[in-house]
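Enquirer: There's a structure below that I have some questions on.
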Amino acid sequence: MSKKIILCVVLLLVSSLAPSSAKRKKTAKKAAPQTEQRYQEIDNYDFLYSGEDYIYQDNYAAIDNLMDEAFKHIGARYRSGAKGPSAFDCSGFTSYVYSKMMNKSIGASSRDQYARNTPIRNDELQTGDLVFFTSPNSGRSVGHVGIVVDVDPATGSFDFIHASSSSGVKVSNSRDGYYSRRYVGARRVN
């Protein structure tokens with residue numbers, strides 16, 4: 001009789017352990033999709049901002065399309081007065097890209113683009129904003145324009161794509177000696 005009781009106790013213990021290990025396995029399988037979903041949610045929000053200082057760029061898809069179009073022209077040659085698509089001057093490049101992808105007229109010359117669009121501070125820079133520089137022929141006035149590619153919030157520097165008179169359409173950085181000395185300001189296209 002005691003053998004039967006011991007056998008029953010052992011069976012009860014084994015049977016009580018089996019479901020809990022099965023539950024653990026099921027729980028582990030469920031945790032993976034939750035973790036994956038959590039990562040997907042994080043990927044949807046690159047940064048979380050609070051406060052009023054951050055200006056939300058509400059049309060990411062349009063800006064992505066704008067940048068895709070701009071990058072299609074990397075290496076296109078520079079020609080004064082050219083409005084694209086085989087050759088550009090600086091303002092011809094920016095106006096071509098904005099006209100084609102956003103159906104917006106931003107102005108014909110770099111000075112016109114500087115005057116027509118909304119002034120922004122450097123700490124407000126976002127991808128797609130216009131950045132302006134003097135040129136050797138413009139004196140202290142605006143003479144060159146590019147489109148912001150990305151911004152380094154730690155340093156305040158930014159990469160921009162533009163039609164350079166020496167190299168055609170290319171990406172430069174605001175910290176490059178030539179551009180850092182000539183930077184005038186930024187504008188947002190509305």
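Enquirer: Quick one: which of GLY139, GLY128 is small (Gly, Ala, Ser) and either open to solvent by less than 30 Å² (accessible area, probe 1.4 Å) or at pLDDT 95 or above (or both)?
Expert: Answer to the check: GLY128.
Enquirer: Would a scan of the range 97-114 turn up a residue that is open to solvent by 10 Å² or more (accessible area, probe 1.4 Å), assigned to a loop (DSSP other than H, G, I, E, B), without any contact (Cβ under 8 Å) to a residue 40 or more places away in the chain and charged (D, E, K, R)?
Expert: no
Enquirer: Under 8 Å between Cβ atoms, at least 6 apart or on separate chains: pull out the pairs that start in the range 129-151 with a residue that is free of Cβ contacts under 8 Å to residues at least 40 places away in the same chain and in a loop (DSSP other than H, G, I, E, B) and end on any residue that is hydrophobic (A, V, I, L, M, F, W, C) and surrounded by 14 or more Cβ atoms within 10 Å (Cβ to Cβ).
Expert: Going by the 8 Å Cβ cut-off, the qualifying pairs are GLY143/PHE133.
Enquirer: Applying the selection to the range 101-112, what residues are charged (D, E, K, R) and out of contact with any helix residue (DSSP H, G or I) (no Cβ under 6 Å at 6 or more places or on another chain)?
Expert: Once the filter is applied, which keeps residues that are charged (D, E, K, R) and out of contact with any helix residue (DSSP H, G or I) (no Cβ under 6 Å at 6 or more places or on another chain), the range 101-112 yields ARG111, ASP112.
The values are calculated or read from the model by the stated rules, or taken from the named source; none is laboratory data. Keep in mind it's a predicted model, so treat the numbers as computed, not measured. All Cβ positions, even for glycine, are placed from backbone atoms using ideal geometry, and neighbour counts span all protein chains on display. Please note that ligands, DNA and RNA were not included when accessible areas were found on the heavy atoms of the full protein model with its side chains. Shrake-Rupley method; radii C 1.70, N 1.55, O 1.52, S 1.80 Å.
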